[in-house]
1. Specify the inter-centroid distance of region 77-100 and region 101-115, based on alpha-carbon positions, in whole Å.
2. Which of rounded, prolate or oblate describes the chain when judged by the alpha-carbon gyration tensor and an a/c cut-off of 1.5?
3. Please work out the Cα center distance from region 1-76 to region 135-172, rounded to the nearest Å.
4. In this model, which of LYS22/LYS126; LYS69/LYS136; LYS20/LYS109; LYS22/LYS107; LYS69/LYS155; LYS107/LYS136 are farther than 28 Å apart at the alpha-carbon?
5. For the chain, find the longest principal axis of its Cα atoms and tell me its angle to the long axis of helix 99-110, 0 to 90°, nearest 10.
6. Can you sort ILE164, ILE79 from fewest to most other Cβ atoms within 10 Å of each residue's own Cβ?
7. P(r) for region 1-98: what percent of alpha-carbon pairs falls in each 5 Å bin, starting at zero?
8. Taking region 1-108, which chymotrypsin sites (Phe, Trp or Tyr not before Pro) meet the DSSP loop condition and have no more than 16 other C-beta atoms within 10 Å?
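Every read-out reported here was derived from the displayed coordinates using simple, explicitly stated rules and does not represent laboratory data. Note that the coordinates shown come from a computational prediction; the quantities given were computed from them, not determined experimentally. Note: ideal-geometry Cβ built from the backbone for every residue, glycine included; neighbour counts use all protein chains shown.
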Amino acid sequence: MTSPLVFQMAEGNLQTEFGKLKVTIYNDGQVEATVLQTLELNTSQPVHLRIQSTCITGHYFNSTECNCKEDSDSFQNYISTHGNGLLILLNQEGRANGNVAHIASQKLKEDGATQDEAYMRLGFPKDSRDYSIVPKILANLGVMQCLLHSENERKLSTLQKSHIHCDIFKKN
Ligand SMILES: [Zn+2]
């Protein structure tokens, strides 16, 4: 007997400035993730994938200290134009150290610390993000091959360990 790895909690279409996309909320019993995808997914072809963590300062406050909003918008635009893609949004503010850590780190960064150094001085790991729900969602959607729009090694290795064939997307 097999048990589901993730549950689809709700789904619906969303009109965006880039076109109509579909939103699905997943839960694996521990964490929730929100997926924004093209209305059609052709899993016989590699699917374009972006794994995005929530970022209040980038997405809502238009911070210029990170590329979260810019990267997310340009990916939405890409999949709306080219099709066959999904963005998985994970609730992981401040590299999953939380918003308190993120905002507390601003003072240290103003004084010259890098983000890594700032988190460590505050007693947090450099990066607490966890991508383990991602392969479960891909399995639920029948996605076995993808083109990752990121060069993040931890994202790539999470996918490779779960036997999803994944290449890093290179723009021509
Ligand atoms: Zn950001």
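1. Here the answer is 23 Å between Cα centres.
2. On the way: a/c = 1.80, a/b = 1.52, b/c = 1.19.
In terms of gyration-tensor shape, prolate.
3. Measuring centre to centre over Cα atoms gives 14 Å.
4. Distance filter (> 28 Å) returns LYS22/LYS126; LYS20/LYS109; LYS22/LYS107; LYS107/LYS136.
5. 50 degrees
6. Taking fewest neighbouring Cβ atoms as first place, the list is ILE164, ILE79.
7. 3, 12, 20, 23, 20, 14, 6, 2, 1, 0
8. Working: sites: PHE7, PHE18, TYR26, TYR60, PHE61, PHE75, TYR78; in loops: PHE18, TYR60, PHE61.
Passing both the DSSP loop test and the Cβ count: PHE18, TYR60, PHE61.
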